[in-house]
Amino acid sequence: MGRSPLMKKNLPSRSIDTFLEGPGSGRGMVTNYLFATVKDRTVLYANTISRLSRFTRCGIKNREDAPMMSSIPFDPASGDLPPIPFDEETCALAQQLKEIGLPWQPHVGCFVWDSENLIRPDSPFPNRIYFILSLPRFVDLLGSREAIQEKLIWLPTWHQARLLCQQYSLDAGLVKRGTRPAEELQSLYRLLLDRLATQQTCR
């Protein structure tokens, strides 16, 4: 089978990097390219050239220069329901859990508190609380998975906190529900704090 003239050209590696990781793109297109017919490959390749041309016109040479997608801030005044408490007391208890040695491996699905204002992009949530949707993105921002663990404070959700209680053989059912939704999660944090403190005393 003959090859299209378009396919004889090579894309610069950094341009490919921008195409793969830039806004509105995805590695699925490249996967499709590998398994497509010659005709379909030509179309995919042309789409790639078009995307890269738009980046070039905007002065974008690599993925670090690519604009970030704008986020809509969390707004309780418009009826947004918080997935976890964003108050200072919850953050302070989470910080105590970290300081006393609660183990945590950063992973997708965790809320974290940037208490030292280290992350440059603003969070859509208040009080510099972020949600880890893409772990590689946080690695890009802070340098490594270990840096995420060291510099950010994990805010376990209600479900995560109950799972932690199970791991430490704690009866989370003893936690009384408060008048505020945040009180139950904070009580779970305190229950974990007491267990970790007891473990340190017994060492």
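Since every read-out is calculated from the coordinates, none of them should be taken as a lab result. Just so we're clear, the structure is a prediction, and the values are computed from it rather than from any experiment. Quick reminder, even Gly has a Cβ in these numbers, built from the backbone with ideal geometry, and neighbours come from all protein chains shown.
Observations
- Principal axis dimensions, largest first and in whole angstrom, of the stretch 94-203 by Cα: 40, 37, 21
- Dipole of the stretch 80-203 computed with +1 at Lys/Arg Cβ and -1 at Asp/Glu Cβ about the Cα centre; of GLN200, PRO124, ALA92, farthest Cα towards the positive end is GLN200.
- Charged-residue dipole, Cβ positions (Lys, Arg, Asp, Glu), the stretch 118-168 about Cα centre, Debye nearest 20: 80 debye
- Over all other residues within a Cβ to Cβ distance under 12 Å of PRO85, the charged ones net out to -4, with Lys and Arg as +1 and Asp and Glu as -1.
- Each Lys and Arg adds +1 at its Cβ and each Asp and Glu adds -1 at its Cβ; summed about the Cα centre, the stretch 81-202 shows a dipole of about 240 debye.
- Label sites at THR179 and GLN199, each approximated as a point 7 angstrom past Cα along Cα to Cβ, lie 3.5 nm apart.
- Simple spin-label estimate for GLN105 and LEU118 gives 2.0 nm between the two label positions (7 Å along the Cα-to-Cβ direction from each Cα).
- Between ARG145 and ALA92, the contour length at 0.36 nm per residue exceeds the alpha carbon distance by 16.8 nm.
- All other residues whose Cβ lies under 13 angstrom from that of TYR130 are scored, Lys and Arg at +1 and Asp and Glu at -1, for a net of +1.
- Put the Cα centre of the stretch 169-203 next to the Cα centre of the stretch 82-147 and the gap is 20 Å.
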